[in-house]
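The values are calculated or read from the model by the stated rules, or taken from the named source; none is laboratory data. Since this is a predicted model, take the numbers as computed values, not measurements. Positions of Cβ are generated from backbone atoms using ideal geometry, with glycine treated the same way; all protein chains shown enter the neighbour counts.
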Number of protein chains: 2
Amino acid sequence: MPTWSNGFAAIDWGSTARRVYLIDAVGHVSSHMEDEVGTLSVPQGSFEAEVEALRAPIGDLPLLLAGMVGSNRGWIEAPYVPCPATLADVAGRLLWVDQGRTAIVPGISFLKDDRADVMRGEEVQVFGAKKLQPSPGRMLICHPGTHTKWIEVEDESIMRFQTVMTGELFALLRTHSILTDVLAAPVVSGPAFLQGVRRGFDKSALGADLFSVRANVILGVSPSEDAPSYASGLLIGSDLRTGLRNASPHDDIVVLGRGLLTSLYAAAIDHIGFRGREISGTRAFVAGICAIAEIVA
Amino acid sequence: MPTWSNGFAAIDWGSTARRVYLIDAVGHVSSHMEDEVGTLSVPQGSFEAEVEALRAPIGDLPLLLAGMVGSNRGWIEAPYVPCPATLADVAGRLLWVDQGRTAIVPGISFLKDDRADVMRGEEVQVFGAKKLQPSPGRMLICHPGTHTKWIEVEDESIMRFQTVMTGELFALLRTHSILTDVLAAPVVSGPAFLQGVRRGFDKSALGADLFSVRANVILGVSPSEDAPSYASGLLIGSDLRTGLRNASPHDDIVVLGRGLLTSLYAAAIDHIGFRGREISGTRAFVAGICAIAEIVA
């Protein structure tokens, strides 16, 4: 059995991408690799070979895997830990594929008030963000993505969360819809985006407002190059309407993620008068997975 | 030049289907053909040949075309008539491809209060519905479809309308999304559908509620065979929230269309306490196109 005293490896393995971290004995990332071999592109039955191939160059270190790799479309299904869930709950429910050597971090489920929800992978970042910036009381975390998560943390527990399929809706509209030809240009965080955010947040007519993106271009109401930014703003504004419905402008809102999408959410949150601060999803993942490793080592 | 006294032909030609009607001198349909040769499946430059092929078996009668055939992706673009628009306005703005022989009915545009919208084809049905069931004052018409239209008619004029891309969103989710595998079963108008309608109408969290459809199945909250009906209900309920926002339960609401989708909308409108009555889209189209023919003959 490998020993944790030489460090360990971690894989954040989602549907469309994976990130591999080699973490030394004092919790620093000594090497980092990422590619687009998401769980959806690994044939059933091939996960074990994929994992061994990833492990080969790093030696026989303990390995923790998180994300969709633990779903029913991944390697082995790791049953959800129900809310409220602490870091210790999750660490105590690792699915050991190979005792002491290879484990999958379970996702978290929410089920209350006739509402069901699930997450896999974001929980590691959430616990990591809490380690990076400890604050007493309540923290509202926004994790933008294909499926944006709004997560309420109280003290050490994930109490509840809600998923909004904003990123996926935008991708569907951009790729397969009647809006495809007007959504080709890049999204930029400017006036058109913020105008969309305001409308999406104030109104609740997403299906109508999205069609208006096309009508605006046809009737010459707004320049076609603004259409993607405005449409993205509509979707993100509508998302904020859901995610911030119980929040107050004084709340501590953390936007947890990477790249353009995270900046767009931070700008949108600011525009509607709330205070958001960004935390790197990569840093948070490493902090969270190290905290889990500390418990199980 | 052909004479109208022997009757005429009409084509209701949308993006994905076309319906051809041969109408006799007294306004009865003497023959009717429909197929799935929508404008999207006709290559640019081939419309004239398509039209001549349709005309060949019926002789040299006048021909009126309506729908997306008059769009920038159709045969020839017929400029929109702005709201408020009457039947006479539309008849007066026919685009004559071949004077006295072949004309395209223009669509209608709406532009006011920072909102733009367009329609092509539904206007013929709307004017026809008004002819079939004349009623003084205001009529609210719901035309369900890929792009559902909510149309306000006052006396003889289409005053304003709004498009909600309900049908297209459902098709995108069913075909290309993470919900694809839970949305395969048929939609039925039962308790799951009505539960979705109620939630979609009351809440304004479509992006979140749609994701919950998957979470409900994963966590065993609701049977997977209910998922498509519930999801359809969410989308239609959200659509009604937009379309009925200025309506009162006493308003005369006409649901204009064909088949299952029209029945679903009628059931949904009834469920949330409004009064809807169905009018056949086919009958309304024939009544509307005959009224246009009367003006131009």
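Annotations
- Check on B:Leu87, out of contact with any Leu (no Cβ under 6 Å at 6 or more places or on another chain), away from chain A (no Cβ under 14 Å) and either hydroxyl-bearing (Ser, Thr, Tyr) or surrounded by 18 or more Cβ atoms within 10 Å (Cβ to Cβ) (or both): yes
- Within region B:16-60, the set of residues being at positive phi and surrounded by 13 or more Cβ atoms within 10 Å (Cβ to Cβ) comprises just one member, B:Gly27.
- Helices (runs of 4 or more DSSP H) fully within region A:172-262 that include at least 2 residues being polar (S, T, N, Q): A:206-218, A:227-243.
- Filtered residues of region A:166-193 (kept if facing another protein chain (nearest Cβ under 10 Å), polar (S, T, N, Q) and within 24 Å of the chain's Cα centre (by Cα)): A:Thr166, A:Thr175
- Exclusive hit being under 12 Å from the mean Cα position of the chain (by Cα) and either modelled with pLDDT of 95 or more or surrounded by fewer than 22 Cβ atoms within 10 Å (Cβ to Cβ) (or both), set B:Val124, B:Val153: B:Val124
- B:Phe127, sole failed condition from (1) within 11 Å of chain A (Cβ to nearest Cβ); (2) farther than 24 Å from B:Leu235 by Cα: (1)
- Among the candidates A:Leu235, A:Leu261, A:Leu219, A:Leu244, the residue that is under 15 Å from the mean Cα position of the chain (by Cα) and not charged (D, E, K, R) is uniquely A:Leu261.
- The number of residues in region B:199-210 being within 23 Å of the chain's Cα centre (by Cα) and surrounded by fewer than 19 Cβ atoms within 10 Å (Cβ to Cβ) comes to 0.
- For region B:260-275, the count of residues that are surrounded by fewer than 17 Cβ atoms within 10 Å (Cβ to Cβ), closer than 22 Å to B:Met165 by Cα and modelled with pLDDT under 95 is nonzero.
- The set of residues in region B:276-294 being surrounded by fewer than 19 Cβ atoms within 10 Å (Cβ to Cβ), within 16 Å of the chain's Cα centre (by Cα) and in a helix (DSSP H, G or I) consists of B:Thr282, B:Arg283.
- Each residue in region A:156-165 was checked for being more than 10 Å from chain B (Cβ to nearest Cβ) and either free of Cβ contacts under 8 Å to residues at least 24 places away in the same chain or under 16 Å from the mean Cα position of the chain (by Cα) (or both), and 3 of them qualify.
- Looking only at region A:82-95, residues that are of a type in the set (Val, Ile, Thr) and touching a Ser or Thr at 6+ places or on another chain (Cβ under 7 Å) come to 1 in all.
- Some residue of region B:97-119 being under 23 Å from B:Asp252 (Cα atoms), away from chain A (no Cβ under 13 Å), surrounded by fewer than 24 Cβ atoms within 10 Å (Cβ to Cβ) and of a type in the set (A, V, I, L, M): no
- Annotation for region A:96-116: at least one member residue is under 24 Å from B:Leu219 (Cα atoms), touching a residue at least 40 places away in the same chain (Cβ under 8 Å) and in contact with a Ser or Thr (Cβ under 8 Å, 6 or more places away or on another chain).
- Being surrounded by fewer than 18 Cβ atoms within 10 Å (Cβ to Cβ) and away from chain B (no Cβ under 14 Å) is a condition met by at least one residue of region A:137-146.
- Residue count for region B:108-155 satisfying the condition of being closer than 21 Å to B:Leu95 by Cβ and not in a strand (DSSP E or B): 9.
- For A:Val255, the test of being touching a Lys or Arg at 6+ places or on another chain (Cβ under 8 Å), touching a residue at least 60 places away in the same chain (Cβ under 8 Å), buried (at least 19 other Cβ atoms within 10 Å of the Cβ) and away from chain B (no Cβ under 14 Å) is passed.
- Matching residues in region B:102-120 - criterion: being at pLDDT 95 or above and of a type outside the set (A, V, I, L, M): B:Thr102, B:Pro106, B:Gly107, B:Ser109, B:Phe110, B:Asp117, B:Arg120
- Residues in region A:230-250 that are touching a Phe, Trp or Tyr at 6+ places or on another chain (Cβ under 8 Å) and surrounded by fewer than 16 Cβ atoms within 10 Å (Cβ to Cβ): A:Pro249 only.
- Residue under evaluation A:Gly196, criteria (1) within 30 Å of B:Val81 (Cα to Cα); (2) under 25 Å from the mean Cα position of the chain (by Cα); (3) facing another protein chain (nearest Cβ under 9 Å), criterion not met: (3)
- Test: residue in region A:11-21 that is modelled with pLDDT of 95 or more, hydrophobic (A, V, I, L, M, F, W, C) and in contact with a Lys or Arg (Cβ under 9 Å, 6 or more places away or on another chain): yes
- Pick from region A:200-236, criterion more than 22 Å from B:Gly167 (Cα to Cα), within 11 Å of another protein chain (Cβ to nearest Cβ) and in contact with a helix residue (DSSP H, G or I) (Cβ under 6 Å, 6 or more places away or on another chain), ranking: modelled with the lowest pLDDT: A:Ser222
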